[in-house]
1. Check K180, K161 and return the single one that is part of a helix (DSSP H, G or I) and touching a strand residue (DSSP E or B) at 6+ places or on another chain (Cβ under 8 Å).
2. Do we find that L34 is open to solvent by 40 Å² or more (accessible area, probe 1.4 Å), closer than 23 Å to K108 by Cβ and modelled with pLDDT of 95 or more in this structure?
3. Would you call F146 within 14 Å of the ligand (Cβ to nearest atom), open to solvent by 10 Å² or more (accessible area, probe 1.4 Å) and on the phi < 0 side of the Ramachandran plot?
4. Considering only segment 328-348, how many residues are surrounded by 16 or more Cβ atoms within 10 Å (Cβ to Cβ), closer than 27 Å to S97 by Cα and in contact (Cβ under 8 Å) with a residue 40 or more places away in the chain?
5. How many residues are in a strand (DSSP E or B) and either open to solvent by less than 10 Å² (accessible area, probe 1.4 Å) or acidic (D, E) (or both) if we restrict to segment 43-70?
6. Can you name every residue in segment 100-141 that is part of a loop (DSSP other than H, G, I, E, B), crowded, with 22+ Cβ neighbours inside 10 Å and away from the ligand (no atom under 16 Å from the Cβ)?
7. Residue by residue through segment 333-379, note down the ones that are more than 26 Å from M49 (Cβ to Cβ), among the hydrophobic types (A, V, I, L, M, F, W, C) and not in a loop (DSSP other than H, G, I, E, B).
Amino acid sequence: MKHTCIFLIGFFIISLLSCEKEQAQIRVGGIFPLTGASATFGHSSKAGMQLAVDEFNAKGGIEINGQKLLIAPIYDDTAGQPEQAANVCRKQIDQNSVVAIVGAVMSKNSLAMAPICQSKQIPMISPSSTNPEVTEKGDFIFRACFIDSFQGIIIAEYAYKKLNLRKAAVLFDNGNDYNKGLAQFFEEQFKNLGGEIVASEAFTDEDKTVDFRAQLTTIKAAKPEFLYLPNYYAASATILMQAKELGLDIPVGGGDGWDSPKLVEIGGQAVENGVFTNHFSKDDPRPEVQNFIRKYKEEEGDAPDSLASLAYDAAFVLFSAIEKAGSLSGVAIRDALKATQLQGVTGNISFDEKRNPVKSAVILQIRDGQQQYLTTIAP
Ligand code: PHE
């Protein structure tokens, strides 16, 4: 009996081990805001990344040392909080043994994760964090999107040159790297062009702030002709509703943080005619874009937003780099990433010396509750 038991236990351990070997996989992290005030960003990003995973796995996975391995994504939630982003990042590297990470979305979360990935030599590619500092954290940190100096400048030029406006006001979350940076880039460029910033008002923590009336009253008294709101969708929509209530009805603009169906759901008429910079437009006729929209709709029902498209591109770029490296070593994947050159859904992706892609932006306008394409701006 005793011998049978030992035999059975031994057999059990051996099968476990061989099972482990048979199921060798490439573990890749996906870290997004799946809950919290910006949860639509997380939902779209996860869905976009999963499409890239499915595509690579459908062709048998990626060949490493002569063996085809499937990609096993591990998704975690930042809840939009830097501390939680850092914790799940550490967990994915130390406990889940991921070879690379796609994430985060919000710049403040990527800024919390980047030093960890850098010190552990785990390549990280943020699909959508646009704050310039993110990739400055080190040579293992990449992104798939343009940066905020670019999108801030675009709207300043649009307001000054296209709309011919000379007095602008800004209202932004000064506890958030993305909002703060974008406000600064817009203000600098608007002034460079000869315009005047008549009010620059701030608040803290857009996830919790619900009343912007004090700042809006100050802004209204300064008589701006244009209002720039470089915040995420929930705060921007609420601000616009309160602005209209206070009788501040002037042309408004924002950044990629506006890209959510919730902007219109929350803001309704108040967000009508607002313009914002974004990473892609559903109206782009390129086959990469139209094929992706079709595939995404099959899976998700809705059309993709820029978060989904960027996460798909970021994951695709990463998996192509792993394929080219033929290795799961962080250094080899990083080197292959650096040499990337591919045409993605959101445009051409090849990295400059700071591991930022040089890409075009689009300007969209909310008309009849829909995102309308206005124009494309090349870098
Ligand atoms: N660029 C934003 C950030 O850095 C995130 C974002 C990207 C939001 C694209 C919407 C669309 O925080």
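The values are calculated or read from the model by the stated rules, or taken from the named source; none is laboratory data. Values in this document were obtained by computation on a predicted structure and should not be read as measured data. We place every Cβ from the backbone using ideal geometry, glycine too, and count neighbours over all the protein chains shown. All accessible areas refer to the heavy atoms of the entire protein, side chains included, with ligands and DNA or RNA removed. Shrake-Rupley method; radii C 1.70, N 1.55, O 1.52, S 1.80 Å.
1. The match here is K180.
2. On the way: open to solvent by 40 Å² or more (accessible area, probe 1.4 Å): yes; closer than 23 Å to K108 by Cβ: yes; modelled with pLDDT of 95 or more: yes.
Yes, satisfied.
3. Answer is no for this residue.
4. 5
5. Qualifying residue count, segment 43-70: 2.
6. Once the filter is applied, which keeps residues that are part of a loop (DSSP other than H, G, I, E, B), crowded, with 22+ Cβ neighbours inside 10 Å and away from the ligand (no atom under 16 Å from the Cβ), segment 100-141 yields I122, P123, F140.
7. I363, I366, L374, I377
Table: residues versus (1) farther than 21 Å from M106 by Cβ; (2) buried (at least 16 other Cβ atoms within 10 Å of the Cβ); (3) β-branched (V, I, T); (4) out of contact with any His (no Cβ under 7 Å at 6 or more places or on another chain).
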| residue | (1), (2), (3), (4) |
| --- | --- |
| Y160 | yes, yes, no, yes |
| N176 | no, yes, no, yes |
| L182 | no, yes, no, yes |
| E187 | yes, yes, no, yes |
| F190 | yes, yes, no, yes |
| G194 | yes, no, no, yes |
